[in-house]
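Comments concern the structure below.
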Amino acid sequence: MKLLLDDANIKNIKEVYEYYKIDGVTTNPTILSKQGEKPLEVLKKIRNFIKDDQLHIQVLSKDYDSIIKESNLIVKEYGNNTFVKIPANKGGLKAIKKIAKDGINVTATAIYSPMQAFLAMKAGAKYVAPYINRIDNLGYDGILVVKKIQNIIDANNFDTKILAASFKNSNQVLELIQCGIYGFTCSFDIMNKFVDDKNVDSAIDDFVNDFLKLDSNKKTMIDYLL
Ligand code: G3P
């Protein structure tokens, strides 16, 4: 099971890596545009920090030849464990066939329907990235779309894995974790909500305060141990 961060801000990436076991970073052109720095330099910083973890970079090209060219350049620049994100429209699917055959890791992105996911799997994508929240915003059920994609994988023995993306809350992530979905990429804000519960902090404070009552000098466990 993989947990990735959907962000290109190096400060956020370092913070999340410090606290959680993270398997890599996903980016997209919008995320890169928000960093206020040259995108190639941002990606370089990320690659240097995450070392050999997965780095997902989206192509901007839309026509077949340019997607192929751009994908190869991305992998050449950022190394082997770089996944090229290709939007799974008709042109993208054509390119995925070629790029996957050439051995490049492809994440078929902008997945809004199980049929799109199926075609990306057939084309050889390693990951398909359904957009849960964006599907919900269209009036459909993002979680249900992911479950249908998982059924397609199981029923047809595809090697492709789901990298679920676009969340608006941690409960959507949790629901899919319970379904055994392979991977998730979440924003910094959503990750910060994973363990953001005042009840937990209050319970911890109560435990500590009760212990400190043992001794008027408020000795901690460390004091007793030393
Ligand atoms: O990286 C693509 C996907 O995560 C988009 O997410 O939050 O912009 O819908 P969002």
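The values are calculated or read from the model by the stated rules, or taken from the named source; none is laboratory data. This one's a predicted model, so the numbers in the text were calculated from it and none came from an experiment. For neighbour counting, all protein chains shown are included, and Cβ atoms are generated from backbone atoms with ideal geometry for every residue, glycine included. Accessible surface is based on the protein model in full, side chains and every heavy atom, while ligands, DNA and RNA are left aside. Shrake-Rupley method; radii C 1.70, N 1.55, O 1.52, S 1.80 Å.
Given the DSSP H assignment, sum -39500 (n - 2.57) over each helix run of at least 4 residues in the chain and divide by its residue total; what's the result at 222 nm in deg cm²/dmol, nearest 500? Don't jump to the answer; show the numbers that get you there.
On the way: 12 runs with 121 residues, N = 226.
So the helix-based figure for the chain works out to -16000 deg cm²/dmol.
Of 151, 171, 209, which has the largest mean-square fluctuation in a 10 Å C-alpha GNM of the chain?
In the Gaussian network model the winner is 209.
Taking 8 Å as the Cα distance limit and 6 or more residues as the minimum spacing, I'd like the relative contact order of the chain as a percentage.
Working: 355 pairs, mean separation 35.9, N = 226.
Result for the chain is 16 percent.
Leaving out ligands and nucleic acids, and using a 1.4 Å probe, what accessible area per residue does region 73-226 come to in Å²?
Details: 8910 Å² over 154 residues.
Value returned for region 73-226: 58 Å² of accessible area per residue.
What is the distance in Å between the Cα centroid of region 144-200 and that of region 24-43?
Comparing the Cα centres of region 144-200 and region 24-43, I get a distance of 23 Å.
Quick one: which residues, 5+ away or cross-chain, put their amide H under 5 Å from the amide H of residue 54? H built at 1.01 Å from N.
Sorted by chain and number, the residues that satisfy this are 25.
Roughly what angle does helix 10-19 make with the longest principal axis of the chain, taking Cα atoms, 0 to 90 degrees, to the nearest 10?
60
GNM on the chain, C-alpha springs below 10 Å: top fluctuator among 54, 150, 35?
35
Could you name the lysines whose alpha carbon sits less than 16 Å from that of residue 21, not counting residues in the same chain fewer than 8 places away?
Within reach: 2, 51, 193.
Percent of accessible area on the chain owned by carbon and sulfur, 1.4 Å probe? Intermediate values should be presented prior to the final figure.
Details: 6810 of 12940 Å².
That share works out to 53 percent.
Once you list every other residue whose beta carbon is under 13 Å from the beta carbon of residue 163, what net charge do they have if Lys and Arg are +1 and Asp and Glu are -1? Show your work: numbers first, answer last.
Numbers: positive: 2, 85, 126, 161; negative: 6, 23.
Taking every other residue near residue 163 into account, the sum is +2.
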